[in-house]
Amino acid sequence: MIIFVFASSSILAQNLQVHYDFGKDREYVTTTLEMFKPDKLGNTFFFVDMDYNVGDIKGISLAYMEIARVLKTEKMPVGIHVEYNGGFGQFNVDSTNLGYRINDSWLAGIDYSISANDFSKGISFKAMYKHIVDKQDVSFQLTTVWYLHFLNKRITFSGFADFWKEDSDFNFDGKTDSEFIFIAEPQLWYHINNHFSVGSEIEFSNNFANMEGFNVMPTLGAKWIF
């Protein structure tokens, strides 16, 4: 989940989100801790997702993080983007806990961002080379991120969309069933005050997270801005 890469007044700090996922066969809680910090040489962004009580697992069943740095000065027409992704999870089979890892990924490319002078809206486009460790030596990822404040910044519409190349074997027969993955997560937040917001996120995905085909997973969420 990459949310916000602009100097939006609502995210110049850390925030903690709690979502309840209503997707098919999901019905669990996810927390997201994220931070965005701009500076004179670009910006730094990271988030950590944790899923809780998935299936027969009690407590944290998945942990995943992304951290990205954009290097850009006022004289540069585009920014230089570098990023790392990785995580791990666990599941239960016959009362035995088993673990798995989410393959580490390294990305590098360019970032082009535009925003309104008052930071009421903005959008970013990224084109990146992607290396998925022990799986996909040469790949790519295209990402767009956006935000829009309206009703005197009382409501924010934000989100991201990713499209990348990654071979998937859903039947575990050694054959590639899909070569590409798409995911988008638009969010709508109502800001009760400067710190607390309520809203929703809807995940639209295709061949993502071992789920073959197109899937839609809505959530209800709350967010605290530190």
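Only the coordinates and a few stated rules stand behind these numbers; no lab work does. In this text, all values refer to a predicted model and were calculated from it rather than measured experimentally. Glycine also receives a Cβ, built like all others from the backbone with ideal geometry; neighbour counts cover every protein chain displayed.
When we screen ILE225, ILE181, ILE192 for residues that are among the aliphatic types (A, V, I, L, M), crowded, with 16+ Cβ neighbours inside 10 Å, under 27 Å from ARG26 (Cβ atoms) and more than 16 Å from the chain's Cα centre (by Cα), the only hit is ILE225.
Is it true that some residue in region 84-106 is surrounded by fewer than 17 Cβ atoms within 10 Å (Cβ to Cβ), closer than 30 Å to ILE192 by Cα and in contact with a His (Cβ under 8 Å, 6 or more places away or on another chain)? Taking every residue of region 84-106 in turn, none turns out to be surrounded by fewer than 17 Cβ atoms within 10 Å (Cβ to Cβ), closer than 30 Å to ILE192 by Cα and in contact with a His (Cβ under 8 Å, 6 or more places away or on another chain).
With the structure loaded, tell me whether PHE160 is surrounded by 13 or more Cβ atoms within 10 Å (Cβ to Cβ), within 30 Å of ILE60 (Cα to Cα) and over 18 Å from the mean Cα position of the chain (by Cα) or whether it fails that test. For PHE160, the condition - surrounded by 13 or more Cβ atoms within 10 Å (Cβ to Cβ), within 30 Å of ILE60 (Cα to Cα) and over 18 Å from the mean Cα position of the chain (by Cα) - is not met. Could you count how many residues in region 116-138 are free of Cβ contacts under 8 Å to residues at least 40 places away in the same chain and buried (at least 20 other Cβ atoms within 10 Å of the Cβ)? Residues flagged as free of Cβ contacts under 8 Å to residues at least 40 places away in the same chain and buried (at least 20 other Cβ atoms within 10 Å of the Cβ) within region 116-138 amount to 2. Of the residues making up region 195-217, those that are among the hydrophobic types (A, V, I, L, M, F, W, C) and either under 16 Å from the mean Cα position of the chain (by Cα) or under 22 Å from GLN136 (Cα atoms) (or both) are ILE202, PHE204, PHE208, ALA209, MET211, VAL216, MET217. Among residues of region 82-94 that are of a type outside the set (Lys, Arg), those with a Cβ under 7 angstrom from a residue that is surrounded by 15 or more Cβ atoms within 10 Å (Cβ to Cβ) and not in a strand (DSSP E or B), sequence gap 6+ or separate chain, pair up as GLN90/ILE57; PHE91/ILE57; ASN92/ILE57.
Looking only at region 139-169, count every residue that is of a type outside the set (Phe, Trp, Tyr), in contact (Cβ under 8 Å) with a residue 12 or more places away in the chain and farther than 20 Å from VAL198 by Cα and tell me the total. Adding up the residues that qualify gives 12.
Just so you know, in region 27-74 the residues that are among the charged types (D, E, K, R) and within 18 Å of the chain's Cα centre (by Cα) include one that is surrounded by the most Cβ atoms within 10 Å (Cβ to Cβ), and it is GLU34.
Taking every residue in region 42-61 that is among the charged types (D, E, K, R) and pairing it with any residue that is surrounded by fewer than 17 Cβ atoms within 10 Å (Cβ to Cβ), at least 6 positions away or on another chain, the pairs with Cβ-Cβ distances below 6 Å are ASP56/ASN92.
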